[in-house]
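Every read-out reported here was derived from the displayed coordinates using simple, explicitly stated rules and does not represent laboratory data. It should be emphasised that the depicted structure is a prediction, and the values quoted were computed from it without experimental measurement. Methodologically, a virtual Cβ is constructed for each residue, glycine included, from the backbone with ideal geometry; neighbour enumeration extends over all protein chains shown.
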Amino acid sequence: MRRFVVIGQRAIASSDFSMLDIAGTSGRLDVLLRCVRAGFLVSHGLRQDTVMYLVLMGGTSAPKTLRIEGASAKFIRPDERSLATLVRKVLMVQTGEKGFVPVRPGISMAVGGLDCVLADLGVATKYVLEPNGSDIRETVLDLEHPVFFLGDHLGFDKSTRATLEDHGALSLGLGPVDIHAEDAVTVVLNELDRRGGMGKR
Ligand SMILES: C[S@@+](CC[C@H](N)C(=O)[O-])C[C@H]1O[C@@H](n2cnc3c(N)ncnc32)[C@H](O)[C@@H]1O
């Protein structure tokens, strides 16, 4: 299982954004949507061994977290607009319950942020992706239960970084250049594919 956690510092936690200007009205939810495409879609298939958490920390409804599971997710399309429509429908649902509540096939939502994710992870080796971390090519990775944390266009805020450190997360680098979050997802998955195969449907 490959798990990713993308922290959207300003990504809106409600459906209150314009489909005509997703990037400009959603606190850059578009960055997270592109991570979804990179995390799940391969040529003619969907990675069923990927789980991705989108932590939405923007707007008055924040924090909320979406959990997308490749094994059961449906309607994951490659274009940002379709993904935005899907996330918008999910965010329209009101959930009063604690923890992750199923909302659509393969998509659950929790009212809460990083704390909810950390509570949900169970057995996991946590890696924080950042350019100055240990080079992934020279690191022996946990291939069974890895969880990779990524920042958005703003990187990580201090509190998130401190929480991850407190939880023993290891700093992992993908090379000297600061790349886009979705490209970081692709690079990690490629490294994992080379080391251990992948489940696809
Ligand atoms: C666009 S980058 C963030 C840039 C932001 N200006 C900053 O200072 O962090 C988005 C995320 O991708 C990941 N990332 C980007 N380049 C990376 C690299 N070379 N190695 C590891 N992670 C990287 C990090 O998790 C980063 O927070």
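Here are some notes:
- Against the test of being within 11 Å of the ligand (Cβ to nearest atom) and closer than 30 Å to residue 95 by Cβ, the options 154, 118, 189, 172 yield a single qualifying residue, 154.
- Scope segment 4-46; condition over 14 Å from the mean Cα position of the chain (by Cα), surrounded by 22 or more Cβ atoms within 10 Å (Cβ to Cβ) and not aliphatic (A, V, I, L, M); matching residues: 17, 26, 27
- Matching residues in segment 34-65 - criterion: being outside any strand (DSSP E or B), of a type outside the set (S, T, N, Q) and over 16 Å from residue 12 (Cβ atoms): 37, 38, 39, 40, 44, 49
- Here residue 86 meets each of (1) in a helix (DSSP H, G or I); (2) in contact (Cβ under 8 Å) with a residue 40 or more places away in the chain; (3) in contact with a strand residue (DSSP E or B) (Cβ under 9 Å, 6 or more places away or on another chain); (4) more than 19 Å from residue 150 (Cβ to Cβ) with one exception, condition (2).
- Among (1) within 18 Å of the chain's Cα centre (by Cα); (2) away from the ligand (no atom under 16 Å from the Cβ), the one test that residue 97 misses: (1)
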